[in-house]
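Asks: Have a look at this one.
The values are calculated or read from the model by the stated rules, or taken from the named source; none is laboratory data. Predicted model only: the values in this text are computed from it and were never measured. No Cβ is skipped: glycine too gets one built from the backbone with ideal geometry, and neighbour counts run over all protein chains shown. Side chains are part of the model used for accessible areas, which takes the heavy atoms of the whole protein and leaves out ligands, DNA and RNA. Shrake-Rupley method; radii C 1.70, N 1.55, O 1.52, S 1.80 Å.
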Amino acid sequence: MLKNITRSLRDLLGSEYMDAVKSVAVNIYGMDSAEADRLVDEKVDFFPEDYIARMRDMAKKTGKKVADGFENSLIGAPTESYRKASHSNAAPIGGIGCTRIGEDGKAYLIAKSEHYHSSLGHNFPGYKLITNARKLGILNATHNNTRGYITRLAESRLIAVANGVEENSAEHKEILSSKEPHVLNRIINLETGSLAVEAGIKMMLARFYRLDESFDAPKYDGKVPVFLVMEDNKEGLTANYHGTTVIAQTLRGMWPELYGKFAENDIYKVVSVKKNDISDFEKKIKKYNSGQYKTAGFLHEIILMNYSGIRLTKEFLQGAYKLCHETDTFTLCDEIQSCMWYDGMFLFRQYGLNPDFSIIGKGFPGGEYPASKIITTYEADILNQFGALVTNGQEELASLAYLITMEFAGANGKEITEMGEYVEKGIADIAKDFPKVVEKPDGLGHLAAIHFYSVETAAKFTKLINDKCVDISAQLYKADCPPGALIKPPLIADETVIDVMLEKIRECLKSLE
């Protein structure tokens, strides 16, 4: 059972800062002093009993009409591909907990957290602190050169959590000033995971090419940079996904003619490595650290949520990292999917990895703001100020959303693990009970997948489960990808909510047998 915690803005941000905020609210905005004190010191319940009760009640009503809803013919101005994929009946007019209320008035269970980012569901009570901050006049927008206190505080806490140390401890302070390799102590604040990965790719390329004419010759000047990524089931590139920038898309086989020109002219090369096969990794890293080639980086997720939720093993990744460190190859752990959904907030820590780049987003701001970050090291800090920045990447209220989510997750690490195990066991039991339909389960904890024997079965299952107003999708657009349904319930989902999801899944599988 997830624990409720109670915090005020003063608790999260400290007295010195909040006294300064109050002074501005009273003396500049004209706020009543007593009201300012109330907003500064109001203790907010993050996960109160009445909210839990309403969350459970709504989950039990999944598929039922619970509100008036409304009908409209407004299309907006989408691209054609978005238009074809749109389902306005399920678009939100409200929501609570793990339920979205659609325009049709029905209750929809957000079994993949609104495309993976609503870690604390809808209308999470703890985010009331953001409302209080706004009322006090705390600004959201800042300039790149005037990064706010809340963002700086969030950065410091992230470094502590990423390294598994107590904030403000002697060890934490030592880490922040460290120049040792593979010690995460630098952060660039960005808007999306795509831009965060792009920053990492730029830092990898900066060891081969100059960012601009003011830079000295790079460390591996004249060598051809090689990017290692996860291989799909046809020895291709489609198993990896690291965003929507052009270079990141070429890493997964898109823009084939454009990438062909890059490869033909020895600008850079992309090489796939077999999943969970350390001998293949060793063979390729040896091959591409000879002659004209030099491995620039190994980019990976831990749970391949864009390739049917396949899980990479601890042994494989630890072995791959050892080889990367031995060959001075940067490692980029893309945790956009996995961050926050595990005890400790960073799955790479549970795997015993020490990446040169950790990419986070989605789960940390809980869907309140677009706010991703790249966490990196002294050694990789080789771009200038304008090499990877985003003008509005360090918004103060987005950083406050980080701190609120981290506070709740930090207090519930054990409970998050227990619920992840509950999800994993539930999916495993389903796979055992429907062996004619389900090939196997995959994933880890909340990030779960059901693999089917055929694309046709996966497509039928997805339609059936969506018709029951449970938001689960299947990856059917990659010809070589295992046909799998993807599941990622919010962290606040308890046994009651998970049981509703599992029962709906069972009902659909029974009809497919």
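Asks: Anything in segment 492-513 that is surrounded by 22 or more Cβ atoms within 10 Å (Cβ to Cβ), touching a helix residue (DSSP H, G or I) at 6+ places or on another chain (Cβ under 6 Å) and not β-branched (Val, Ile, Thr)? List them, or say none.
Replies: Cys508 - this is the single residue of segment 492-513 that is surrounded by 22 or more Cβ atoms within 10 Å (Cβ to Cβ), touching a helix residue (DSSP H, G or I) at 6+ places or on another chain (Cβ under 6 Å) and not β-branched (Val, Ile, Thr).
Asks: Looking only at segment 90-106, decide whether some residue is basic (Lys, Arg), out of contact with any helix residue (DSSP H, G or I) (no Cβ under 7 Å at 6 or more places or on another chain), open to solvent by 70 Å² or more (accessible area, probe 1.4 Å) and modelled with pLDDT of 95 or more.
Replies: Taking every residue of segment 90-106 in turn, at least one turns out to be basic (Lys, Arg), out of contact with any helix residue (DSSP H, G or I) (no Cβ under 7 Å at 6 or more places or on another chain), open to solvent by 70 Å² or more (accessible area, probe 1.4 Å) and modelled with pLDDT of 95 or more.
Asks: Follow-up. Lys284 versus (1) more than 20 Å from Ala199 (Cβ to Cβ); (2) open to solvent by less than 70 Å² (accessible area, probe 1.4 Å); (3) charged (D, E, K, R); (4) in contact with a Phe, Trp or Tyr (Cβ under 8 Å, 6 or more places away or on another chain): which is the lone unmet condition?
Replies: (4)
Asks: I've got another one for you. Would you mind finding the one in Leu332, Leu353 that is among the hydrophobic types (A, V, I, L, M, F, W, C), within 20 Å of Asp280 (Cα to Cα), surrounded by 24 or more Cβ atoms within 10 Å (Cβ to Cβ) and in contact (Cβ under 8 Å) with a residue 12 or more places away in the chain?
Replies: Leu332
Asks: For segment 464-503, enumerate the residues that are within 26 Å of the chain's Cα centre (by Cα) and assigned to a helix (DSSP H, G or I).
Replies: Ile465, Asn466, Glu495, Thr496, Val497, Ile498, Asp499, Val500, Met501, Leu502 - these are the residues of segment 464-503 that are within 26 Å of the chain's Cα centre (by Cα) and assigned to a helix (DSSP H, G or I).
Asks: I've got another one for you. I'd like the full set of residues that are in contact (Cβ under 8 Å) with a residue 40 or more places away in the chain and surrounded by 16 or more Cβ atoms within 10 Å (Cβ to Cβ), limited to segment 1-23.
Replies: Within segment 1-23, Leu2, Asn4, Ile5, Arg7, Ser8, Leu9, Leu12, Leu13, Tyr17, Val21, Lys22 meet the criteria.
Asks: Could I ask something else about it? Collect the residues in segment 454-488 that are among the basic types (Lys, Arg), at pLDDT 95 or above and farther than 13 Å from Leu509 by Cα, keeping them in residue-number order.
Replies: Across segment 454-488, the qualifying residue is only Lys488.
Asks: Now for a separate question. Looking at Ala20, Ala53, can you tell me which residue is in a helix (DSSP H, G or I), out of contact with any Leu (no Cβ under 8 Å at 6 or more places or on another chain) and either polar (S, T, N, Q) or more than 22 Å from Ala411 (Cβ to Cβ) (or both)?
Replies: After ruling out the rest, the residue left standing is Ala20.
Asks: Give the residue that is surrounded by the fewest Cβ atoms within 10 Å (Cβ to Cβ), with candidates limited to residues of segment 292-306 that are more than 21 Å from Cys339 (Cα to Cα) and not small (Gly, Ala, Ser).
Replies: Only one residue fits best here, namely Gln292.
Asks: Considering segment 310-329 alone, what residues qualify as being in contact (Cβ under 8 Å) with a residue 24 or more places away in the chain, under 23 Å from Ile374 (Cα atoms) and not in a helix (DSSP H, G or I)?
Replies: The answer is Arg311, Leu312, Thr327, Thr329.
Asks: For a quick check of your reading of the model, give me the residue pairs whose first member lies in segment 32-58 and is open to solvent by 60 Å² or more (accessible area, probe 1.4 Å), whose second is in a helix (DSSP H, G or I), with beta-carbon atoms closer than 6 Å and at least 6 apart or on different chains.
Replies: Close Cβ pairs (under 6 Å, with a partner that is in a helix (DSSP H, G or I)) amount to Asp41/Arg10; Asp45/Pro125; Arg56/Thr496.
Asks: Now, a different point. Residues Gly443, Gly363: which one is buried (at least 24 other Cβ atoms within 10 Å of the Cβ) and assigned to a loop (DSSP other than H, G, I, E, B)?
Replies: Residue meeting the stated conditions: Gly363.
Asks: Whether any residue in segment 248-264 is modelled with pLDDT of 95 or more, open to solvent by 10 Å² or more (accessible area, probe 1.4 Å) and within 18 Å of Leu312 (Cα to Cα) is what I want to check.
Replies: Checked against the condition, which is being modelled with pLDDT of 95 or more, open to solvent by 10 Å² or more (accessible area, probe 1.4 Å) and within 18 Å of Leu312 (Cα to Cα), segment 248-264 yields at least one hit.
Asks: Shifting gears a bit: Scanning for something under 17 Å from Ala371 (Cβ atoms) and in a helix (DSSP H, G or I), does segment 137-144 turn up at least one residue?
Replies: yes
Asks: Taking Thr146 and the conditions (1) without any contact (Cβ under 8 Å) to a residue 40 or more places away in the chain; (2) under 14 Å from Leu403 (Cβ atoms); (3) polar (S, T, N, Q), which numbered condition does it fall short on, given that it satisfies the others?
Replies: Answer for Thr146: the failing condition is (2).
Asks: Residues Glu379, Glu395: which one is in contact (Cβ under 8 Å) with a residue 12 or more places away in the chain and more than 19 Å from the chain's Cα centre (by Cα)?
Replies: Result of the check over Glu379, Glu395: Glu379.
Asks: Being open to solvent by 50 Å² or more (accessible area, probe 1.4 Å) and over 18 Å from Lys128 (Cα atoms) is true for just one of Glu415, Glu421. Which residue is that?
Replies: Residue meeting the stated conditions: Glu421.
Yes/no per residue for (1) surrounded by fewer than 20 Cβ atoms within 10 Å (Cβ to Cβ); (2) modelled with pLDDT of 95 or more; (3) not in a helix (DSSP H, G or I):
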position	(1), (2), (3)
Ala196	no, yes, no
Ile201	no, yes, no
Tyr209	yes, yes, yes
Glu213	yes, no, yes
Phe227	no, yes, yes
Asn233	yes, no, yes
Gly236	yes, no, yes
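Asks: What's the number of the condition Asn240 fails, among (1) in a loop (DSSP other than H, G, I, E, B); (2) touching a helix residue (DSSP H, G or I) at 6+ places or on another chain (Cβ under 7 Å); (3) open to solvent by less than 40 Å² (accessible area, probe 1.4 Å)?
Replies: (2)
Asks: Of Lys179, Lys219, which residue is open to solvent by 70 Å² or more (accessible area, probe 1.4 Å), without any contact (Cβ under 8 Å) to a residue 24 or more places away in the chain and either aliphatic (A, V, I, L, M) or part of a loop (DSSP other than H, G, I, E, B) (or both)?
Replies: None of the other options fit; the residue is Lys219.
Asks: Checking the structure you have, find out if any residue of segment 121-128 is among the basic types (Lys, Arg) and over 21 Å from the mean Cα position of the chain (by Cα).
Replies: Yes, segment 121-128 has at least one match.
Asks: Okay, moving on. What's the total number of residues in segment 210-260 that are among the aromatic types (Phe, Trp, Tyr) and under 21 Å from Ile310 (Cβ atoms)?
Replies: Selection size over segment 210-260: 2.
Asks: Just name the residue that is farthest from Pro218 (Cα to Cα) out of those in segment 254-301 that are among the hydrophobic types (A, V, I, L, M, F, W, C) and in contact (Cβ under 8 Å) with a residue 60 or more places away in the chain.
Replies: Restricting to residues being among the hydrophobic types (A, V, I, L, M, F, W, C) and in contact (Cβ under 8 Å) with a residue 60 or more places away in the chain, the top hit is Leu299.
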